[in-house]
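Worksheet: the structure to be examined is printed underneath.
A short reminder: the numbers here are calculations on the coordinates, not readings from a lab. The structure displayed is predicted, hence computed values, not measured ones. Note that each Cβ is placed from the backbone with ideal geometry, even for glycine, and that neighbours are counted across all protein chains shown.
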Amino acid sequence: MSEAERLAALGRYDILDSAPEPQFDRIVELAARMFDAPRATISFLDGARIWFKARYGVSVTAVPRAWNLYDEAALQGRVLVIRDLANDPRFAGHPYARVARMHFYAVAPLHASDGTCIGAIAVIDHGPRPDLMEDRVAGLQALARLVESELERRLLTTELEKSAARFRDLAQMSSDWMWETDAEHRMTELFFDGPKLSNLVPTSLGMRRWEYRYSRPLQATWADYRAMIEARQEFRGFEYEVMLPAGDHHVFRVSGRPRFDAKGAFLGYRGVGTDITAQRLAEQRLKDSETSFRFLFEKNPNPMYLFEQDRLRIVAVNEAACQLYGYSLAEFEALTLFDLRPEADKELLRQHLATVDWTKRRAARRWRHQRRDGAVMEVVANTEPTRFNGRACHLVQIRDLTQQLRAEARLAEAEATLHQKQKLEALGQLTGGIAHDFNNILAVVVGNIELAADDLPADAPQHRPLAAAVAACERGADLVTRLLTFARRRPLEPREMEVGPLLDEIGELVRTAVSPHVFLSLEKSDALGLCRIDRSGLETAILNLAVNARDAMPDGGQLRLAARVVRVSDEDARARPMLKAGDWIEIAISDTGAGMASDVRSKVFEPFFTTKSEGKGTGLGLPMVHGFVHQSGGFLTLDTAPGRGTTFKLYLPAERSAGEG
């Protein structure tokens, strides 16, 4: 075995340079008396010295290691007896041999529990002992075993003390005091950590726990507690409230285990206790805070919900949110954030969550959310971090923008309608005045042309240019009529008539006006009923729209003319200012043409705006349709997009169903 291993074995006992101990002093004195010797030692080999743990008749505490006789004893494995050291050839030159009055030397090796030689017990005499009795040698060997046993006992005691110290430290760290009771459950020991509760000791010793002043359980009754300890059962976490001598109330939590003697007789209980007053107060404050939060949360008229940060699962929701989204409380709390988003927006949410700072309150952000019925709504969400049931969560407050957007749309529509009306009226006043003057001028021109023609012979070549001039004037007169109609200066002549037969006739006019490559379909319900309308104006409006549809399909396509009765509800009427509640005849003209871009769509009802080449359009067709429909008490809508065709819908007030009288 190496020196390092031997020193490690010795170090386990933590005995070097320790204070004298009576048990070792008694053993070394007994060894000296057994041999009737003046000197005896118990020593341990420590590096360069031999250190004496106990000594009898020896004044020094250590000698140099060169004086070591342990190795020889260890090699023999038994007591080494040197009867006359000065004359023993085995130890010629040994330091002890040169020391006067040290002739007899008996040394028994001391071993650690693993067999390592760590020291020795030795007896020394001034003179030689040629006739030493073997029973004394055996006695020294027995004393060596006794020293070894004492070393092990000492080591065990030290380890037990360390273990007990660790236990006390852990107990004190995990509790505020330790306690013991006797078999009658009277308090016999109280060990408090700190002065705050130490004044309980004199008032508590000798008392049973349920006899404390103002002592009442918080989780169970004293009867249950007493039944448990009478049954000698271990208990944990029993809580009760007491009044301290100063008058303040505290909440204690105790745990205990029954104690028994070697014969199984019950001795009492031993356990630990903790003052959990601060914890209970904090829990109550938290409970009060959560109660207030829940009240404000659940009764808040604004939609709100909480979601977990890690799983994005919704863990709480108020009634306002349930009503807004259309879910029951149980259904809502089974959702995640992604379930509230339309499919097209989920990737946007995923990207947002990947970059969000969870620790900060987020600024209000606009999102599209999806209701239970699949309807998509615009909302503004305010999100801030919080904790709920001990978990990192986030509170979301929702503001539904549906009504706001409807109001904004109504305002924009009303402003656009007013702007268009003002523009048309201003332009109408201008064109109306010009049209009348122009009509008068044309009448003079036509009259003079006719007079000139009457003075010419029938075969005069001048008749041809004069006829062309008259035709041009007639076209001018027709344009004047259009201008007057656009300016609403020409009064309509509405009559009550059956819409179905009228549309059949108009359908035939449309069929002759469109290209043979355009397929026309006429669809109308059987109960269109009556409508008070200017027949000529309706024919002109539908023909205008049909011709525009034809021009939008130069390579052919489908043109659909459909009519039905629709009912506008009060809610729809409130949503759009142009609508009025009641029954309307809807006439739809749809084509499969190229459709219109948004910039073209926004201008189609402006006078003189046209996308047709020069000479092929005046830009008055759609404004005239718009003017006619509004002059008839109705309204029209336009649905178009590039590549999706165009649909105009004319809504005219229905009078009554056919056959009603």
Region 26-68 and region 291-350 have their Cα centres apart by a whole-number Å value of 85 Å
Computed for region 115-168: size of charge dipole around the Cα centre, +1 on C-beta of each Lys and Arg, -1 on C-beta of each Asp and Glu, debye to nearest 20, value 420 debye
At R0 = 60 Å the Cβ-Cβ FRET efficiency linking Thr61 and Arg313, nearest 0.05, sits at 0.20
Starting from the Cα of Lys299, draw a straight line to each of the aspartates and glutamates and keep only those under 13 Å, dropping any in the same chain fewer than 8 residues away. Glu319
Only counting other Cβ atoms within 10 Å, I'd like Glu319, Glu234 sorted with the fewest neighbours first. Glu234, Glu319
Considering just Cα atoms, how many Å³ per residue does the convex hull of region 3-159 enclose? 106 Å³
Simple spin-label estimate for Lys263 and Ala19 in nanometres, 7 Å along Cα-Cβ: 3.8 nm
So what's the Cα pair-distance distribution over region 282-400, bin width 5 Å, in %? 2, 11, 20, 27, 21, 11, 5, 2, 1, 0
Efficiency of FRET between Asp599 and Leu281 - r from beta-carbon atoms, R0 45 angstrom, step 0.05: 0.05
Between the residues Ile398, Pro342, Ala363, the Cα farthest towards the positive end of the dipole of region 282-400, that dipole coming from +1 and -1 charges on the beta-carbon of Lys, Arg, Asp and Glu, is from Ala363
Please state the charge dipole magnitude for region 3-159, taken about the Cα centre, from unit charges on C-beta atoms (+1 on K and R, -1 on D and E), reported in debye and rounded to the nearest 20. 380 debye
Sticking with the crude label model, points 7 Å out along Cα→Cβ, report the distance from Asp455 to Ala469 in nm, one decimal please. 1.1 nm
At Met207 and Thr221, where each label point lies 7 Å from the Cα along Cα→Cβ, what is the point-to-point distance in nanometres? 2.3 nm
Once you've got the Cα coordinates, tell me which of Lys524/Lys649; Lys580/Lys649; Lys287/Lys360 are over 23 Å apart. Lys287/Lys360
Return the loop-located trypsin sites (Lys or Arg not before Pro) in region 325-380 (DSSP other than H, G, I, E, B) with at most 13 other Cβ atoms within 10 Å of their own Cβ; answer none if there are none. Lys360, Arg361, Arg371
Amide H within-cut-off set for Leu335, under 5 Å, with H built and near neighbours excluded: Ile314
Coil-residue trypsin sites (Lys or Arg not before Pro) of region 243-338, DSSP, other Cβ within 10 Å capped at 15: Lys263, Arg311
Any chance you could run the full-extension gain for Leu156 through Asn439? It's 0.36 nm times the residue separation minus the Cα-Cα distance, nm to one decimal. 88.8 nm
Semi-axes of the equivalent ellipsoid for region 495-653, Cα gyration tensor, largest first, Å: 24, 19, 15
